[in-house]
Amino acid sequence: MNELESLLQELGCKTPVEEIASDQQGIVIGFLKREIEYRRQYKIKRLLRMSGIKQVKTLDQFDWHFNPKISKEDILAFVHSPWVEQAFNLVLIGDTGLGKSHIAASICYEAILRGYPTACITAFDLVSRIHKAYSPASRIDYYAKVRVLCIDELGYTYHKKEDTDILFQIISKRNEILPTIVTTNLAPKEWGSIFSTTAASAILDRLSFNGRFITFEGRSYRLLKKHKIR
């Protein structure tokens, strides 16, 4: 299959290559490439709009030198692994202001660039939206089935039993099938402070399967910026 045939096939065009004059094929190839790139960019914008990511952040923008204890090697190893295809989970643990949300949003953006539908939402907003939804079951189903899910800021608020049930349902349904990214300020042994001991154990069990747990340590970048502004 030559380049023109490949491009026509990618766009779903039924026109036989033989019907395109040989002296016009170069022009057609250029047009088809521009159309493919336009569609790719349009899809990225649509996925980004649907994702809930408020501001695009990339791994290149992250200041790895500010907190050298944060393992760039571990983060990049995860990003370059087949984490979407093989449903690897990722849990980023550490105090506020260390860049967990930045890294999580960057990884989600990488998934969007690869064409994967993604949802990035705080734990508080996730359960709030489901409680307010006309059909809570449908909303739970959406988060359980979206290709990549990032639950940000888990542990910043105490979760009632019904909230815990929602989070467990979503994480459990995704288990071994779809990847879930979680950021939290609590070490796994402290999850009993926001969930019941049984629920904490069950959720951790699901996330641990094919899971990577990475701890962030160091100074708060957010506090540094605040002091500079003052």
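Readers should treat all values here as calculations from the given coordinates under stated rules, not as data from a laboratory. On a predicted model such as this, the values are computed, not experimentally measured, just so you know. Here Cβ is always computed from backbone atoms with ideal geometry, including for glycine, and neighbour counts include all displayed protein chains.
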- Message: Just want to confirm a number: the relative contact order over the chain, from Cα pairs under 8 angstrom separated by 6+ residues, in percent.
- Response: 27 percent
- Item | Note, ³J(HN,Hα) from phi for segment 161-169, Karplus 6.51, -1.76, 1.60, rounded to Hz, x at Gly and Pro | 4, 5, 5, 4, 4, 5, 4, 5, 4
- Note on the structure: Which of Lys132/Lys161; Lys43/Lys132; Lys100/Lys132 exceed 23 Å between C-alpha atoms? The answer is Lys43/Lys132; Lys100/Lys132
- Message: Principal axis extents for the chain, Cα atoms only, whole Å, descending order, please.
- Response: 71, 45, 32
- Task: Report the convex hull volume per residue for segment 3-51, counting only C-alpha atoms, in Å³.
- Result: 63 Å³
- With point charges of +1 on the Cβ of Lys and Arg and -1 on the Cβ of Asp and Glu, referenced to the Cα centre of segment 47-106, which listed residue (Ile75, Ala87, Ile53) lies farthest in the positive direction of the dipole? Ile53
- Message: Around Ser135, under 15 Å between beta carbons, what's the net of Lys plus Arg minus Asp minus Glu among the other residues?
- Response: +3
- Mind giving me the nanometre distance, one decimal, between the label points for Asp205 and Lys132, set 7 Å out from Cα along Cα→Cβ? 3.4 nm
- What is the Cα centroid distance between segment 1-68 and segment 111-150, reported in whole angstrom? 26 Å
- Query: How are the C-alpha pair distances of segment 111-165 spread across 10 Å bins, as whole percents from the shortest bin up?
  - Reply: 23, 52, 22, 3
- Give the Rg (one decimal place) followed by the Dmax (whole number) of segment 44-106, computed from C-alpha coordinates and expressed in Å. 12.8, 36
- Message: Along its three principal axes, how long is segment 139-222 when you only count alpha carbons? Whole Å, largest extent first please.
- Response: 38, 26, 22
- Message: Between helix 25-51 and the chain, what is the angle of the helix's C-alpha long axis to the longest principal axis, kept within 0 to 90° and rounded to the nearest 10?
- Response: 20 degrees
- Top positive-direction residue, dipole computed over the chain with Cβ charges, set Gly155, Asn210, Asn175: Gly155
- Query: About its Cα centre, what dipole magnitude does the chain give when the only charges are +1 on Lys and Arg Cβ and -1 on Asp and Glu Cβ, stated in debye to the nearest 20?
  - Reply: 1120 debye
- Cα-based helix-to-principal-axis angle, 100-113 vs the chain, degrees rounded to 10: 20 degrees
- Task: On a 0 to 90° scale, report how tilted helix 197-208 is relative to the longest principal axis of the chain, with both axes built from alpha carbons and the result rounded to the nearest 10.
- Result: 30 degrees
